[in-house]
Amino acid sequence: MLLPITALKRCCVFWGLAWLGMLVFAAPLHAQQRLIALDKLQSGLAFTGPEILDLQADDFANPALPAMDKGAKLWKQVAGKSDKSCQSCHGETSASMKGVATRYPAIDKASGQLFNLEDRIRQCRQKNQKASEWPLESDELLAMTLFVTSASNGMPIKASVEGKAQSHFEAGQKIFMTRQGQMNLACTQCHDQRYGIKLFTDKLSQGQPNAYPAYRIEWQRLASLERRLRFCYTGVKAEVPAWGHKDMRDISLYLMWRAQGLSIEVPSVRK
Amino acid sequence: MLPSLSRRDYLIRFLQTTVGAWGVGVGLTNAQDMSVLGRVQDLSDARLRNFEEMVAPYVVRQTMKHEGVTLSLPMLADNGHLVPLSLKVDSPMTEASHVTHIYLISQRNPVPLMAMFVLGPWNGRAELSMRVRLSGTQMVVALARLSDGTFRYETQEVVVTEAACIDNG
Amino acid sequence: MTTARLQVPNRIIEGDVFKLRLLVQHPMDSGFLRDLEGVLVKRNVIRHLQCILHDKEVFRVEPTTGTSANPLFEFYLRATHSGELYFRWVDDKGYIGELRHNLVVEPANQSQAPKS
């Protein structure tokens, strides 16, 4: 004989199941779950106007090119107590730096921290060349980062999110999905769900990292991905993290995972 | 640098320049601005300049015709910090008849003159391109001075959504 | 101090009117904007830029704050004979930028009419 299930028990069972269901669906996205499918990835160029496309395509007058020239010069310049240039150890970028930009940010074996390409270049300069520090977003660092990134031009992005990088990837993913700032917006709301739609006169892009460092017309100079991400925080009226913040690197890693397969595209021009 | 003028016209221009200089609003720290024509407009009078005001510093009683100049800017500028501009003046560019100066004038920028070019018959063509800054939607005037002392001009309205001169992080 | 790049056609024949493109790396600071620390950046623009060929000024531009950063100038010259193209510019800080280019002009072929 079945015991009668009281209304209370029924309620408990119902809400217990509902709670379990919420847990399942509210769980963080599995690493394999992509909100933009790999074959739907698009560079920022797909969302810009004709002037920017012309500027970027101009292989003489692209405003990022003087910085490329500078990067090429710095590569050969002897620096610091080591009396070595980058070239002394690394030879030509076309060989030694090929593919490097496709896999950064990456874990630095010595410190266990997540390094973006700028961090790696700065460290190499200080530790190996024993030269003066290049501050973040300085002309020299930007030029060098651009020059090193250009060795990976046209190559597909493939950053690792395994091992020590996994926690950084998950942290970055969480930030991307979380509402922030006075405008209470999450990156995903515009860049996953509404790309292609116009915000005033601009088309929202997918927010891809493949074209950085980019010459941003708004700032009239080359800019790093970190600077661009900090400006995203300004855009949603959130408190902007300090330069060098872990969050920026975590987000960069998540963006690179999200952009897997998209080609590196520098020197680029963006609004 | 300045085209040759009659003494009277030069005096008029000199007065316009010095009186205009007293109206400087925004801080340009350089006392000896090599281009006296690069002075800042008095911003307390916050209205768009009209065409006459824009060309007054350069055209003093000479003939000015709305012909012979092709001016090309995008109708909608992505960003006011970098707006490509091209222009062409119909001129044989011979010793007898050529363009001597080209002035690019803004209606709304803090500094009205965006650039001045000096040309001569050695250029072969009065055609040039550059990139200007536009602080908001406005009219741009391209004014060319010919070797006979007369002027030609063209204007174009440009819609600028992200203005230059304003900080955006 | 500043780098600059020049583009001229590969082949220039006497009598040609050819296009030059000059891109100068210069911030053209207008004096109206602030840097990353929020400090107002003083005005520093190129005051004048000239092109000298055969000891004569053949092009001059006097930009102001209304000229974009990293300015590009495109203009034309009539080719007469080979010589050194010498670009020189001075900015508000008094820095002098220079670029030299050996301009090679081939003599006109009898059977080839000069382009214009």
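The values are calculated or read from the model by the stated rules, or taken from the named source; none is laboratory data. Treat the numbers as computed from the prediction; the structure is a model and nothing was measured. All Cβ positions, even for glycine, are placed from backbone atoms using ideal geometry, and neighbour counts span all protein chains on display.
Tabulated values for the structure
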{"item": "From the options B:67, B:52, residue that is free of Cβ contacts under 8 Å to residues at least 40 places away in the same chain, outside any strand (DSSP E or B), out of contact with any helix residue (DSSP H, G or I) (no Cβ under 9 Å at 6 or more places or on another chain) and more than 25 Å from residue C:68 (Cβ to Cβ)", "result": "B:52"}
{"item": "Restricting the range C:40-63 to residues that are of a type outside the set (Lys, Arg) and more than 15 Å from the chain's Cα centre (by Cα), the residue that is farthest from the other protein chains (Cβ to nearest Cβ)", "result": "C:55"}
{"item": "Tally of residues being out of contact with any Phe, Trp or Tyr (no Cβ under 6 Å at 6 or more places or on another chain), farther than 26 Å from residue C:29 by Cα and among the charged types (D, E, K, R) across the range A:203-250", "result": "6"}
{"item": "Flag if residue A:139 is within 14 Å of another protein chain (Cβ to nearest Cβ), in contact (Cβ under 8 Å) with a residue 12 or more places away in the chain and not basic (Lys, Arg)", "result": "yes"}
{"item": "Options C:104, C:8, C:90: the member that is of a type in the set (Val, Ile, Thr) and surrounded by 17 or more Cβ atoms within 10 Å (Cβ to Cβ)", "result": "C:8"}
{"item": "Failed item, numbered, when residue C:43 is tested on (1) more than 26 Å from residue B:122 (Cβ to Cβ); (2) surrounded by fewer than 17 Cβ atoms within 10 Å (Cβ to Cβ); (3) touching a Gly at 6+ places or on another chain (Cβ under 7 Å); (4) not polar (S, T, N, Q)", "result": "(2)"}
{"item": "Residues of the range A:42-66 satisfying the condition of being touching a helix residue (DSSP H, G or I) at 6+ places or on another chain (Cβ under 8 Å) and among the hydrophobic types (A, V, I, L, M, F, W, C)", "result": "A:45, A:52, A:53, A:61, A:64"}
{"item": "Yes/no for residue C:14 being within 11 Å of chain B (Cβ to nearest Cβ), of a type in the set (Asp, Glu) and either touching a residue at least 40 places away in the same chain (Cβ under 8 Å) or buried (at least 18 other Cβ atoms within 10 Å of the Cβ) (or both)", "result": "no"}
{"item": "Selected residue (only one of C:3, C:67 is out of contact with any Gly (no Cβ under 8 Å at 6 or more places or on another chain), of a type in the set (Ser, Thr, Tyr) and at the interface with chain B (Cβ under 10 Å from one of its Cβ atoms))", "result": "C:67"}
{"item": "Those helices (runs of 4 or more DSSP H) lying entirely in the range A:1-91 with at least 1 residues touching a Leu at 6+ places or on another chain (Cβ under 8 Å) and at pLDDT 75 or above", "result": "A:50-57, A:65-76, A:86-90"}
{"item": "Within the range A:248-271, tally of residues that are more than 27 Å from residue B:82 (Cβ to Cβ) and either under 11 Å from the mean Cα position of the chain (by Cα) or surrounded by 24 or more Cβ atoms within 10 Å (Cβ to Cβ) (or both)", "result": "8"}
{"item": "Test: residue in the range C:28-39 that is at the interface with chain B (Cβ under 10 Å from one of its Cβ atoms) and in contact with a Leu (Cβ under 7 Å, 6 or more places away or on another chain)", "result": "yes"}
{"item": "Qualifying residue in the range A:53-75 (condition: away from chain C (no Cβ under 14 Å), more than 27 Å from residue A:161 (Cβ to Cβ) and basic (Lys, Arg))", "result": "no"}
{"item": "Given (1) touching a residue at least 40 places away in the same chain (Cβ under 8 Å); (2) surrounded by 23 or more Cβ atoms within 10 Å (Cβ to Cβ), index of the condition residue A:243 fails", "result": "(2)"}
{"item": "Residue under evaluation residue C:88, criteria (1) touching a residue at least 24 places away in the same chain (Cβ under 8 Å); (2) at the interface with chain B (Cβ under 10 Å from one of its Cβ atoms), criterion not met", "result": "(2)"}
{"item": "Complete set of residues in the range B:129-154 that are crowded, with 23+ Cβ neighbours inside 10 Å and of a type in the set (Ser, Thr, Tyr)", "result": "B:153"}
{"item": "Residues within the range B:86-106 that are under 26 Å from residue A:201 (Cα atoms) and either surrounded by fewer than 24 Cβ atoms within 10 Å (Cβ to Cβ) or touching an Asp or Glu at 6+ places or on another chain (Cβ under 8 Å) (or both), tallied", "result": "1"}
{"item": "Matching residues in the range A:149-195 - criterion: being over 28 Å from residue A:100 (Cα atoms), surrounded by fewer than 16 Cβ atoms within 10 Å (Cβ to Cβ) and in contact (Cβ under 8 Å) with a residue 60 or more places away in the chain", "result": "A:193"}
{"item": "Strands (runs of 3 or more DSSP E) contained in the range B:79-169 and holding at least 3 residues touching a strand residue (DSSP E or B) at 6+ places or on another chain (Cβ under 6 Å), away from every other protein chain (no Cβ under 11 Å) and not polar (S, T, N, Q)", "result": "B:138-146, B:151-160"}
{"item": "Members of the range A:86-108 that are over 25 Å from residue A:261 (Cα atoms) and surrounded by 20 or more Cβ atoms within 10 Å (Cβ to Cβ)", "result": "A:86"}
